[in-house]
Amino acid sequence: MDSLDLGHPSAHFPIKPILGLSDNRFYTRPQRPNKMDDGAYKKFRELLIEVRKTAGLTQAELSQRLNRPQSFVSKYERGERRLDVVEFGAVAKALGVDPVKLLEKFYRGTQ
C-alpha cells in the first residue's frame, strides 16, 4: 500500500494568525503602546543621559561602576527597561549625584 504524503498542513490549508500566532507558527505579542515612551518617562531618561554625559562617562564606564553589563545602561536609557528605586539610587551614586536632588531637578522640569 502506498503511503499518502500530505506534507505540511499549511500546504493545503492557509494558516491565519489566530490568538497571537503568526503565519510562521511562532507566538507574537499583540502590539501595545509603549508606556516607556510617555512624556514624563522620556524626560526622565533624557535627564539620566544628560547627567551621565555631563559626568564625562560612557555607558560602558557607568556600567563598570555599577558592576552591571553595558546593556543594562543602554536598555534603561533607550526605554527598554525601567529602573526601580534601588537601581535608581545606585545609578545616581555611580554618577556622583544625590538621588534626591536629581529627582527634584526632574520634577521641576516636568511642571
Go through (1) under 20 Å from A40 (Cα atoms); (2) outside any helix (DSSP H, G or I); (3) at pLDDT 95 or above and name the single condition R81 misses.
(3)
Every residue in the stretch 49-78 that is loosely packed, with under 14 Cβ neighbours inside 10 Å, among the hydroxyl-bearing types (S, T, Y) and in a helix (DSSP H, G or I), please.
T54, S71
Just to check your reading of the model, which residue among E77, E61 is touching a Lys or Arg at 6+ places or on another chain (Cβ under 8 Å) and of a type in the set (D, E, K, R)?
E77
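Considering only residues that are more than 16 Å from T54 (Cα to Cα) and loosely packed, with under 14 Cβ neighbours inside 10 Å, which ones fall in the stretch 88-104?
From the stretch 88-104, those more than 16 Å from T54 (Cα to Cα) are 88-90, 100, 103-104; that's our starting set.
Correct list: V100, E104.
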Please verify whether the stretch 65-73 includes one or more residues that are among the charged types (D, E, K, R) and at pLDDT below 95.
no
Counting only residues in the stretch 33-48 that are without any contact (Cβ under 8 Å) to a residue 24 or more places away in the chain and not in a helix (DSSP H, G or I), the one nearest to K105 (Cα to Cα) is identified as D38
Flagged in the stretch 84-111 as at pLDDT 95 or above, touching a helix residue (DSSP H, G or I) at 6+ places or on another chain (Cβ under 8 Å) and part of a loop (DSSP other than H, G, I, E, B), in numbering order, are V97, D98
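The values are calculated or read from the model by the stated rules, or taken from the named source; none is laboratory data. Values in this document were obtained by computation on a predicted structure and should not be read as measured data. Note that we place each Cβ from the backbone using ideal geometry, even for glycine, and neighbour counts take in every protein chain shown.
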